[in-house]
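Structure, as structure tokens:
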Amino acid sequence: MATALTAALALPLVWRHRAPRAVFGAVAAAAFVQWLADVQLPADICLLVALHTVAAHSGRRDTLVAGAVVEGGALLACLRWATEGAFLAPFVALTATVVAAAALGANARTTRAYLAALEERAAHLEQQQDQQARLAVAEERTRIAREMHDIVTHNLSVMVALTDAAVHAQHRSPDKATTAMLRISETGRQALTDMRRSLGILRTDEPDAERHPLPGIAQLEALADRMRAAGLPTRVDVRGDHTHVPATAQLTVYRLVQEALTNTFKHTPAGTRAEVRIRCSTGTVTVDVTDSGPCPPPPGSAPPGQGIPGMRERSAAYGGTLRAGPLPGGGWGVHTRLLLDSGGAAPA
């Protein structure tokens, strides 16, 4: 009898992690049969193990129910097997044991849930870091592509114009043809320098970045010289102190002017004149590029390019809203205002 009851109490514990409530019910039933048979066994500790498992793998309600069942069993056991006049001490001891088993199980459940939450949070943070890394890579690719577009489009347009001029002048005016060829060589070298600088700007050990700093407002006059040599009369008017303007903002101004002049050079007939006006103040830089050419064809008559969208992106990086379109008195204009100390929208 004792052996059978011991087996009934102990064997179900093998499956306690798979079905904690069913195992607890089987162990509690065996313990009740033991109480009815009036047999005391050391295997009664299996009831506490089953209670601990329920508390560790089930919710608070199941834990309270299982604890009440074990506490009722402790009461019945003390009523039957406690010695005369010694009921309170063993009942208190058994009650403390029941509470400890349930508390340890509940603590194990809480700890496991906390660790699972930490693992989930770590996985979420890792996923966010991967997404941020991919966004950073995409942003850097966009930046490089935009730089390459501006550099290649501008310099190739100038080189093509100078080449045409050199071809026309090679027989009638060899000196002018030679000058044009020298300008082509200079423009090509400038393009290579700009590309090396744009591709190596993130490398701190890049010596070329120190020899050739980022182009800025001070280099706009040289840009105008190249445009004039290519056949686009260009005037630059810079007012205000630009030495306080950050290098990246000056690069933005330079690229905006470069792209606007390139568009004028490509889409207007000979005789068009361009004017660049830069106004620098403490917190803003205003850029205006206008030309005297006729209005371009309406949208849809030519494939759209990336010039103006790229200019809008550059301007928006400094809170600017770029405006590009025909002027009331004729010609085409590009206007924006960059905010040097604010990420808000600039008034245009």
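The values are calculated or read from the model by the stated rules, or taken from the named source; none is laboratory data. Bear in mind the structure is a predicted one, so any value in this text is a computation, not a measurement. No Cβ is skipped: glycine too gets one built from the backbone with ideal geometry, and neighbour counts run over all protein chains shown. Note: accessible area is taken over every heavy atom of the protein model, side chains too, but ligands, DNA and RNA are not part of it. Shrake-Rupley method; radii C 1.70, N 1.55, O 1.52, S 1.80 Å.
Tabulated data for the structure shown
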{"read-out": "Residue list for the stretch 230-269, restricted to those being part of a helix (DSSP H, G or I) and over 20 Å from ILE308 (Cα atoms)", "value": "ALA230, ALA247"}
{"read-out": "The one condition in (1) open to solvent by 30 Å² or more (accessible area, probe 1.4 Å); (2) assigned to a helix (DSSP H, G or I) that THR63 fails to fulfil", "value": "(1)"}
{"read-out": "Criterion violated by ARG141 - all others in (1) exposed (fewer than 10 other Cβ atoms within 10 Å of the Cβ); (2) within 30 Å of GLY188 (Cα to Cα) satisfied", "value": "(1)"}
{"read-out": "So LEU5, is it open to solvent by less than 60 Å² (accessible area, probe 1.4 Å) and aliphatic (A, V, I, L, M)", "value": "yes"}
{"read-out": "Selection from the stretch 4-44 of residues that are part of a helix (DSSP H, G or I), over 24 Å from LEU79 (Cα atoms) and not aliphatic (A, V, I, L, M)", "value": "PRO12, TRP15, PRO20, ARG21"}
{"read-out": "Any hit, the stretch 121-130, residues being free of Cβ contacts under 8 Å to residues at least 40 places away in the same chain and exposed (fewer than 10 other Cβ atoms within 10 Å of the Cβ)", "value": "no"}
{"read-out": "Criterion violated by MET159 - all others in (1) open to solvent by 60 Å² or more (accessible area, probe 1.4 Å); (2) assigned to a helix (DSSP H, G or I) satisfied", "value": "(1)"}
{"read-out": "Within the stretch 284-298, tally of residues that are modelled with pLDDT under 90 and open to solvent by less than 50 Å² (accessible area, probe 1.4 Å)", "value": "1"}
{"read-out": "When residues of the stretch 72-101 are limited to those that are in a loop (DSSP other than H, G, I, E, B), open to solvent by 50 Å² or more (accessible area, probe 1.4 Å) and not acidic (Asp, Glu), the one nearest to ALA28 (Cα to Cα)", "value": "PHE87"}
{"read-out": "Every residue from the stretch 132-179 that is among the charged types (D, E, K, R) and more than 19 Å from GLY307 (Cα to Cα)", "value": "ARG134, ASP164, ARG172, ASP175, LYS176"}
{"read-out": "Candidate set: the stretch 189-239, residues that are modelled with pLDDT of 80 or more and touching a Ser or Thr at 6+ places or on another chain (Cβ under 6 Å); chosen: the one most open to solvent (accessible area, probe 1.4 Å)", "value": "ARG228"}
{"read-out": "Enumeration of residues in the stretch 8-39 that are farther than 26 Å from ALA103 by Cβ and either within 56 Å of the chain's Cα centre (by Cα) or open to solvent by 50 Å² or more (accessible area, probe 1.4 Å) (or both)", "value": "LEU11, VAL33, LEU36, ASP38"}
{"read-out": "Answer residue from the stretch 240-283, given it is among the basic types (Lys, Arg) and open to solvent by 30 Å² or more (accessible area, probe 1.4 Å) and is modelled with the lowest pLDDT among those", "value": "LYS266"}
{"read-out": "Matching residues, the stretch 306-316, being open to solvent by less than 80 Å² (accessible area, probe 1.4 Å) and either in a loop (DSSP other than H, G, I, E, B) or of a type outside the set (D, E, K, R) (or both)", "value": "GLY307, ILE308, PRO309, GLY310, MET311, SER315, ALA316"}
